[in-house]
Amino acid sequence: MTQIRYGMVGGGPGSFIGGVHRAAAAVDGGYELVSGSFSSDPAKSQQTGEDLGLDGDRVYSEFYEMAAAEAAREDGIEAVVIVTPNHLHYEVAKVFLEAGIHVICDKPLTTSVDDADELVRLATERRLVFAVTYNYTGYPMVKEARERVSAGALGTLRKVVVEYSQGWLSTLLEAEGHKQAEWRGDPERAGSSLALGDIGTHAFNLMHYVTGLEVRRLFADLGTVVEGRALEDDAVVLLDLEDGVRGVMLVSQIATGERNQLLLRVYGSDAALHWSQEDPDRLRLVDSVGTETVLFRGGDVGPHATRATRLPGGHPEGFVEAFANIYGGAAAAIRGDDAVACSSESALDFPTVQDGALGVQFIDWAVQSDRSEGWVSMVAERSAKSSEAK
Ligand SMILES: NC(=O)c1ccc[n+]([C@@H]2O[C@H](COP(=O)([O-])OP(=O)(O)OC[C@H]3O[C@@H](n4cnc5c(N)ncnc54)[C@H](O)[C@@H]3O)[C@@H](O)[C@H]2O)c1
């Protein structure tokens, strides 16, 4: 198996998620980091390249120079990983797609629906692989949950409750120069939303991945609890899902004491399932008479969860390995094994540019709903869009 040569944009000194991506790409040995433009500060970019053992000629001050130079080399990068603040995702992805390079981009895909649609168009037209790191769908027991739901284990779906609560923005951290909070609190760099763009979009993707349900309408109430903050730090979204399924989403970054409380509960006519990101190896099923079954990663679970597992049950796996499962799916697709990698039935499934665009659309609908203080019909918007496209 040859390694996929990749480069990274973002992920410089003191950054958060760039290092997680590098670790995830390395887990199964499918990728080799050979290039980067790691920071908007050229000296910091060079320093990061040196720390990572890269050839200095392949560390660039600007991402567009990197795209041109790498596309011109015979041994240039085959894929780029984008881990900059949100406002840059679109420009960076566009430049690399136009240079014929596959993309792995963190969420939210873009800060506008039009930009997201443009990336879908470009990736499709150029037949390039585009993964969006909605990493929670990489957990084995999330894959098991999806399998159980689609096999009808819960009966007729009735209600979904998804929550993503954090407490780290309980104070005005962005005013104190905190690196991650600073741009997340700035509408110019984060986009029109803070909490929904940062974590609500994960909750939405998780709900959609496990249940397969589309949203017909939504009603969002976005609130800013911390004084002086420019965007929302707390949200409740009511979801009117396909087939009359009712949904509630709770999202907060001011939930004091919470770390990464991502919880999914799905209720059907016969049973319910519960999954918690802070206890990811366990999937709890409860039937209508209250009998509880707890399934464990590495135990008697289906082939998708089993294939997404590396260590025997009881040896914890987690965040990095879930990311690595997305990297594994993207690698199969980049190598041309599209039939395997792009099938939703496959263990190598990964979130695509279309999933990323839906996540951006969700944020936009929620912001619209909050501003108009009313329900936003997603079905009407989507059918208008698809008839425009014809
Ligand atoms: N999937 C997840 O679980 C997850 C978790 C955290 C962050 N994210 C997403 O990842 C992205 C990065 O978040 P973060 O928390 O790591 O941010 P961060 O502020 O820690 O890091 C951003 C990095 O981008 C670099 N950068 C800024 N402008 C640049 C430019 N013009 N060229 C090259 N590099 C540039 C910065 O120097 C920094 O190194 C965001 O879009 C965020 O939403 C996803």
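Some notes on this structure:
- Test: Thr309 is at pLDDT 95 or above and more than 26 Å from Thr156 (Cβ to Cβ): yes
- Segments classed as strands (runs of 3 or more DSSP E), wholly inside region 43-132, with at least 1 members that are at pLDDT 95 or above and over 17 Å from Gly359 (Cβ atoms): 79-83, 102-105
- Flag for Gly177 being at pLDDT below 95 and within 16 Å of the ligand (Cβ to nearest atom): yes
- Residue ID - modelled with the highest pLDDT, chosen from residues in region 333-390 that are acidic (Asp, Glu) and within 20 Å of Leu122 (Cα to Cα): Asp355
- Output for region 1-32, where each listed residue is closer than 22 Å to Glu317 by Cβ, away from the ligand (no atom under 13 Å from the Cβ) and not hydrophobic (A, V, I, L, M, F, W, C): Asp28, Gly29, Gly30, Tyr31
- Only listed residue being within 18 Å of the chain's Cα centre (by Cα), of a type in the set (Gly, Ala, Ser) and within 11 Å of the ligand (Cβ to nearest atom), chosen from Gly200, Gly191: Gly191
- Candidates Arg22, Arg58, filtered to the one that is of a type in the set (D, E, K, R) and touching a helix residue (DSSP H, G or I) at 6+ places or on another chain (Cβ under 9 Å): Arg58
- For Glu163, the conditions (1) part of a helix (DSSP H, G or I); (2) crowded, with 17+ Cβ neighbours inside 10 Å all hold with the exception of (1).
- Residues that are part of a helix (DSSP H, G or I) and surrounded by fewer than 16 Cβ atoms within 10 Å (Cβ to Cβ), drawn from region 299-315: Pro303, Arg307
- Filter result (over 21 Å from the mean Cα position of the chain (by Cα) and closer than 19 Å to Ala79 by Cβ) within region 309-336: Arg335, Gly336
- Residue check for Asp51: near the ligand (Cβ under 10 Å from one of its atoms) and over 20 Å from the mean Cα position of the chain (by Cα): no
- Yes/no for Ser35 being small (Gly, Ala, Ser), surrounded by 22 or more Cβ atoms within 10 Å (Cβ to Cβ), near the ligand (Cβ under 10 Å from one of its atoms) and touching a residue at least 24 places away in the same chain (Cβ under 8 Å): no
- Gly200 passes every criterion in (1) among the small types (Gly, Ala, Ser); (2) under 18 Å from Asp355 (Cα atoms); (3) in a loop (DSSP other than H, G, I, E, B) apart from (3).
- Taking the criterion of being of a type in the set (D, E, K, R) and either in contact (Cβ under 8 Å) with a residue 24 or more places away in the chain or within 16 Å of the ligand (Cβ to nearest atom) (or both), the residues of region 84-128 that qualify are Glu91, Lys94, Glu98, Asp106, Lys107, Asp115, Asp117, Glu118, Arg126.
- Test: residue in region 11-25 that is part of a loop (DSSP other than H, G, I, E, B), among the hydrophobic types (A, V, I, L, M, F, W, C) and closer than 26 Å to His178 by Cα: yes
- The listed residues are Leu283, Leu213, Leu222, and the only one of them that is touching a residue at least 40 places away in the same chain (Cβ under 8 Å) and surrounded by fewer than 21 Cβ atoms within 10 Å (Cβ to Cβ) turns out to be Leu213.
- Residue check, Leu213 in contact with a Phe, Trp or Tyr (Cβ under 7 Å, 6 or more places away or on another chain) and within 30 Å of Asp364 (Cβ to Cβ): no
The values are calculated or read from the model by the stated rules, or taken from the named source; none is laboratory data. These numbers come from a predicted model, not from an experiment. For neighbour counting, all protein chains shown are included, and Cβ atoms are generated from backbone atoms with ideal geometry for every residue, glycine included.
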